[in-house]
2 protein chains.
Amino acid sequence: MKTIVNPARSEWANILKRPTQTLQDIESTVNEIFEDIARHGDDAIKKYTAIFDGVQLEDCKVTETEIALAEQTVSKDLKQAIQQAKNNIETFHASQKTVSNKIETMPGIVCWSEKRAIERIGLYIPGGSAPLFSTVLMLAVPAKLVGCKSIVLCTPPNSKGQIASEILYAAKLCGVNTIYKIGGIQAIAAMTFGTQTIQKVYKIFGPGNQFVTVAKQMATKFGIAIDMPAGPSELLVLADDSGNVEYVAADLLSQAEHGSDSQVLLVTTSKSFSENVQVEVQKQLQELPRKAIAEKAIANSLTIIVKTNQEALDLINEYGPEHLILATQDNPYFIAGIQNAGSVFIGKYSPESAGDYASGTNHTLPTNGYSKAFSGVNLDSFTKNITFQELTREGLKSIGQTVELMAEAEGLQAHKNAVSIRLKEL
Amino acid sequence: MKTIVNPARSEWANILKRPTQTLQDIESTVNEIFEDIARHGDDAIKKYTAIFDGVQLEDCKVTETEIALAEQTVSKDLKQAIQQAKNNIETFHASQKTVSNKIETMPGIVCWSEKRAIERIGLYIPGGSAPLFSTVLMLAVPAKLVGCKSIVLCTPPNSKGQIASEILYAAKLCGVNTIYKIGGIQAIAAMTFGTQTIQKVYKIFGPGNQFVTVAKQMATKFGIAIDMPAGPSELLVLADDSGNVEYVAADLLSQAEHGSDSQVLLVTTSKSFSENVQVEVQKQLQELPRKAIAEKAIANSLTIIVKTNQEALDLINEYGPEHLILATQDNPYFIAGIQNAGSVFIGKYSPESAGDYASGTNHTLPTNGYSKAFSGVNLDSFTKNITFQELTREGLKSIGQTVELMAEAEGLQAHKNAVSIRLKEL
């Protein structure tokens, strides 16, 4: 870890800069595949599955038999773990339900808003070295809670045309309607346009590599909503002398093992603490199966030593970390002051892993500083807010003139007239 | 208005198709201006203001003197109207505040979420023939309510380098910090990248023409959030024999005057009612100052006659109108069943104009069928949802094994280790 001591504020923006991604190169590939799938549907999907996943699939839809088999493969212990995680995710996301806000803004003018489920959603679950079935829970549980009618899941098959059992099991458990063996750009394009087999969705959720990221951005051009833009995962640990060196080192490494481009930061007011953490990180690193990956991420990561809590808070808000662990004596100060972060873990018994899997909060969170403007996935991500209003004669009378004056001042006579024609009769 | 009687469901998608926009042609222009402004900042802005707005501006920032002058220009009546609208918008948007959802998902695992204001936002207000000051209220009032620190407003100057007094007055009244005389693509680029004069924002709100729409889409590529994608404004009126012919005609025309590309639909179970409306529309049309525009929109608009309420409801949900007026005997049936709409106006005394200006609801709404996945602007549009969690020893003990099992199954040993290292000591 590179250590920076008391950097000047003017240097913060530069120090905290994320590595730039070169999305331009990818864009033309994505464009090409999108056009092909918009035009040739299922045939084009088969072609890209053969090219990118190395398997010829006659039917990309996962069968009931495959799901039943998967159910037999997952161990009883893991099933129980998944069930406990699901329960907590349900409990927490249900707590985000809002009650009716029906209100009379003036006598006779009743306004309210209601959140109604997005009817068709698509979930993308990456394949690759590890089956990220926890993301299935994070996306399908809240979708089911709000009542999304159609939940489609796309995930790439391996070279034998199979999907990891854990993903199939979690999907079935959470009420996903249909699972397709489609990965990468072609999956996002299929959900964007629809094909003979796959129905178009209204919103696409889920993480992915650079290709998936650019494909999701491309989908928005065609009016499809996405959960949020994505980037490499991040953790910022804020600790002072009261922190536990072993725990902090383990937390930093849990982030570092995600990928060599993972962003790991330690911000601390204590130089000696940071030195101890660095030693401990090297020690724990040796025993990790994903050592090679974590080592690279750690080499690129930063320790920043600041003078005061205020400075630490400002620096965190400037960075806007996806995950933030607070391991200080003054956690309440930081809880109150945090403006930009995805998810905050408080105290020594709240490792990021808890929220990644099972405490109940969502792990689909804004990276790359997007926490300055974007929320992590939450219950509202699966609904739209529709407003309603009903005016009585009295209500319309009381704001009629206001509407007339404003419409006229905006040069919109027909807007005015829609009120005047009613007022005449009142 | 073209009338379609009892169309088959298989034809709906085709009938309800919005006119396609040709955004591809615009994209290269937008790209070019974005690159220029990212590189040359204020100088480039000056150049484009001269080209597109026909005026050389030394300083694009509106001065205190200009604002003070504007305040003197706006009539007392209009000021009162604006104040009343502002009060209602404040009341309604304040009703959308959510309370804390702090919850123990399991003993010792406390999770909650908090909405914190987006610190820097940018508002775009179009210029052109009419000064759309009502949009200033719709965007600045909720931004101020949640506590956005910096609210910047960009709007194009006229050829004399001036901004409409109503816009300046409304902006001042609502607490907008800084107003710039910058329009179109260059305004969106300035707020995306920042320049020597203009600070970069985190989220951009507001309507605009095709150029602004494409520029906002482009801004998302650079990590800037936007309120929603945009398209021509729309109204769908649903009426049966109980509807008032004059009112419905006036409502349709209020939408039609927005632009020749405005989308106007009448859906009804009554053929005779629709015929009466068509006659009345032609009558009222003659007296409108914006007759030429409204006439074109009406010529492109549709009357669809359906057999049953159920069919009407399904058709509306397939279309997903921005504005929906319910003028039937069975309004509660439709209120309960509407899944896709931006804002719903119920009964004969609730014209769309009421919500456009003064009832309290927001008028920045999803067009082009985006209501299937997007909300209109609301209080949450100006905040991010941050999650927090704090586990006790007991809490971590109770889910520790679940996390370990799931992390291991995903092949993420360091994630497991962050829990194991703590459990060892508990």
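If you check A:Thr98 against the conditions, is it of a type in the set (Ser, Thr, Tyr), surrounded by 23 or more Cβ atoms within 10 Å (Cβ to Cβ) and within 13 Å of chain B (Cβ to nearest Cβ)? For A:Thr98, the condition - of a type in the set (Ser, Thr, Tyr), surrounded by 23 or more Cβ atoms within 10 Å (Cβ to Cβ) and within 13 Å of chain B (Cβ to nearest Cβ) - is not met. For the stretch B:103-112, a residue qualifies if it is open to solvent by 20 Å² or more (accessible area, probe 1.4 Å) and at the interface with another protein chain (Cβ under 8 Å from one of its Cβ atoms), and the qualifying residues are B:Ile103, B:Met106. Residues that are among the acidic types (Asp, Glu) and open to solvent by 80 Å² or more (accessible area, probe 1.4 Å) number at least 3 in the following helices (runs of 4 or more DSSP H) confined to the stretch B:1-92: B:24-48.
Within the stretch B:74-97, being within 24 Å of the chain's Cα centre (by Cα) and without any contact (Cβ under 8 Å) to a residue 24 or more places away in the chain holds for B:Asn87, B:Ser95. Screening B:Phe334 with (1) part of a helix (DSSP H, G or I); (2) crowded, with 24+ Cβ neighbours inside 10 Å gives one miss only, at (2).
Checking each residue of the stretch B:315-322 against the condition of being over 21 Å from B:Gly259 (Cα atoms) and open to solvent by 10 Å² or more (accessible area, probe 1.4 Å) gives at least one match. Please specify each residue of the stretch B:404-415 satisfying the condition of being at the interface with chain A (Cβ under 7 Å from one of its Cβ atoms) and part of a helix (DSSP H, G or I). Those that are at the interface with chain A (Cβ under 7 Å from one of its Cβ atoms) and part of a helix (DSSP H, G or I): B:Leu405, B:Met406, B:Ala407, B:Ala409, B:Gln413, B:Ala414, B:His415.
Taking the numbered list (1) within 9 Å of chain B (Cβ to nearest Cβ); (2) touching a Ser or Thr at 6+ places or on another chain (Cβ under 7 Å); (3) over 22 Å from A:Asn6 (Cα atoms) in turn, A:Asn340 passes all entries but (3). Here B:Ile304 clears all of (1) out of contact with any Asp or Glu (no Cβ under 9 Å at 6 or more places or on another chain); (2) within 11 Å of chain A (Cβ to nearest Cβ); (3) assigned to a strand (DSSP E or B) except the condition numbered (2). For the stretch A:109-137, the set of residues classified as of a type in the set (D, E, K, R) and part of a loop (DSSP other than H, G, I, E, B) consists of A:Glu119 only. Comparison of B:Gln339, B:Gln401 shows that the only residue that is part of a loop (DSSP other than H, G, I, E, B) and either touching a Leu at 6+ places or on another chain (Cβ under 8 Å) or surrounded by fewer than 24 Cβ atoms within 10 Å (Cβ to Cβ) (or both) is B:Gln339. Within the stretch B:203-233, can you find the residues that are at pLDDT 95 or above and either open to solvent by 40 Å² or more (accessible area, probe 1.4 Å) or among the acidic types (Asp, Glu) (or both)? Matches in the stretch B:203-233: B:Asp227 only. Does B:Cys154 satisfy the criteria of being under 27 Å from A:Gly320 (Cα atoms), surrounded by 18 or more Cβ atoms within 10 Å (Cβ to Cβ), touching a residue at least 12 places away in the same chain (Cβ under 8 Å) and assigned by TED's automatic domain parsing to the domain that holds B:Lys47? Criteria met by B:Cys154.
Take the conditions more than 30 Å from A:Trp112 (Cβ to Cβ), open to solvent by less than 10 Å² (accessible area, probe 1.4 Å), facing chain A (nearest Cβ under 7 Å) and in contact (Cβ under 8 Å) with a residue 24 or more places away in the chain and apply them to B:Arg422. Does it pass? Answer is yes for this residue.
Residue under question is B:Thr105, and the condition is that it be in a helix (DSSP H, G or I) and in contact with a strand residue (DSSP E or B) (Cβ under 6 Å, 6 or more places away or on another chain); does it hold? Spelling it out, it is not the case that B:Thr105 is in a helix (DSSP H, G or I) and in contact with a strand residue (DSSP E or B) (Cβ under 6 Å, 6 or more places away or on another chain).
Take B:Lys102 and tell me if it is more than 29 Å from A:Phe374 (Cα to Cα) and assigned by TED's automatic domain parsing to the domain that holds B:Gln196. Criteria not met by B:Lys102.
Let's see how each residue does on (1) assigned to a loop (DSSP other than H, G, I, E, B); (2) over 27 Å from the mean Cα position of the chain (by Cα); (3) at the interface with chain B (Cβ under 9 Å from one of its Cβ atoms):
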| residue | (1), (2), (3) |
| --- | --- |
| A:Val279 | no, yes, no |
| A:Pro289 | yes, no, yes |
| A:Ala294 | no, no, yes |
| A:Ala297 | no, no, no |
| A:Ala312 | no, no, no |
| A:Gln329 | yes, yes, no |
| A:Lys348 | yes, no, yes |
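Residues in the stretch B:350-373 that are more than 22 Å from A:Glu410 (Cα to Cα) and in a helix (DSSP H, G or I) were compared, and the one that is nearest to the other protein chains (Cβ to nearest Cβ) is B:Lys372. Restricted to helices (runs of 4 or more DSSP H) entirely inside the stretch B:138-224, those with at least 1 residues that are within 11 Å of another protein chain (Cβ to nearest Cβ) are B:165-173, B:210-221.
Among the residues of the stretch B:281-291 satisfying the criterion of being touching a residue at least 24 places away in the same chain (Cβ under 8 Å) and not basic (Lys, Arg), which is nearest to B:Val264 (Cα to Cα)? Among those that are touching a residue at least 24 places away in the same chain (Cβ under 8 Å) and not basic (Lys, Arg), it is B:Val281. Among the residues examined, A:Gln389 does not qualify as among the polar types (S, T, N, Q), open to solvent by 20 Å² or more (accessible area, probe 1.4 Å) and within 11 Å of another protein chain (Cβ to nearest Cβ).
From A:Gly411, A:Gly360, A:Gly347, which residue is open to solvent by less than 10 Å² (accessible area, probe 1.4 Å) and either in contact with a Ser or Thr (Cβ under 9 Å, 6 or more places away or on another chain) or over 30 Å from B:Lys397 (Cα atoms) (or both)?
Answer to the selection: A:Gly360.
Within the bounds of the stretch A:374-385, is there any residue that is at the interface with chain B (Cβ under 7 Å from one of its Cβ atoms), more than 18 Å from the chain's Cα centre (by Cα) and either under 21 Å from B:His415 (Cβ atoms) or not in a loop (DSSP other than H, G, I, E, B) (or both)? Yes, the stretch A:374-385 contains a residue that is at the interface with chain B (Cβ under 7 Å from one of its Cβ atoms), more than 18 Å from the chain's Cα centre (by Cα) and either under 21 Å from B:His415 (Cβ atoms) or not in a loop (DSSP other than H, G, I, E, B) (or both). When the stretch B:234-250 is filtered for residues that are surrounded by 23 or more Cβ atoms within 10 Å (Cβ to Cβ) and either without any contact (Cβ under 8 Å) to a residue 24 or more places away in the chain or more than 8 Å from chain A (Cβ to nearest Cβ) (or both), the ones remaining, listed by number, are B:Glu234, B:Leu235, B:Leu236, B:Val237, B:Leu238, B:Ala239, B:Gly243, B:Val248, B:Ala249.
The values are calculated or read from the model by the stated rules, or taken from the named source; none is laboratory data. In this text the structure is predicted, and so the values were computed from the model without any measurement. Counting neighbours? That spans all protein chains shown, and the Cβs are built from the backbone with ideal geometry, glycine included. Heavy atoms of the whole protein, side chains included, go into the accessibility calculation; ligands, DNA and RNA do not. Shrake-Rupley method; radii C 1.70, N 1.55, O 1.52, S 1.80 Å.
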